[in-house]
Amino acid sequence: MFGFGFLSLPTWVVHIASLVEWAVAIVFVYRLGQRLHQVWIQRLPWVMIPYMLSGFCAIWYHLTYDTQTWLSDAQSYLTFIGSTSFGVWAFFFLRSLQTFRISSLSTRSASSPLSSLSTRSGGAGNAGNQEGEVSEHV
């Protein structure tokens, strides 16, 4: 019942290499998220798992000489779940980036070096700009 299925040896190599590559990518992305201290990048490997399970179903399906049709159905469902999960992850990831940018810009504008220079140099006109001070206007 088990064997090389109906696939050639080079095709099997590609299938197995894809699963190994996917496993390495999952570990790499998680470690990258740890290094960057980015929670959403650390959560990405959880989204990648349904895709990897889908690959296992495809390989198992071919190992059984394409007789277990439920494996083909499982692969389709896992791919759908993976794609949906990835879309949800992308939404929340992009939302977290926008929140970060907005909060960092609002805190940065209050303590901007240029805002302190404009108040010291006499306002926006910079008519009283003394030598050695940097002007806001180019």
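All of the numbers you see were taken from the coordinates with simple rules; none came from a lab. Quantities reported herein were computed from a predicted structural model and do not represent experimental measurements. Cβ sites come from the backbone with ideal geometry, for glycine too, and all protein chains shown count toward neighbours.
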Just to check I understand the Karplus step: with θ = phi - 60° and J = 6.51 cos²θ - 1.76 cosθ + 1.60, what whole-Hz values come out for the range 80-86, glycine and proline as x?
4, 4, x, 5, 5, 4, 5
So how do 27-38, 73-84 stack up, highest first, on mean other-Cβ count within 10 Å?
73-84, 27-38
Cβ-Cβ FRET estimate between residue 91 and residue 23, R0 fixed at 30 Å, reported to 0.05
0.70
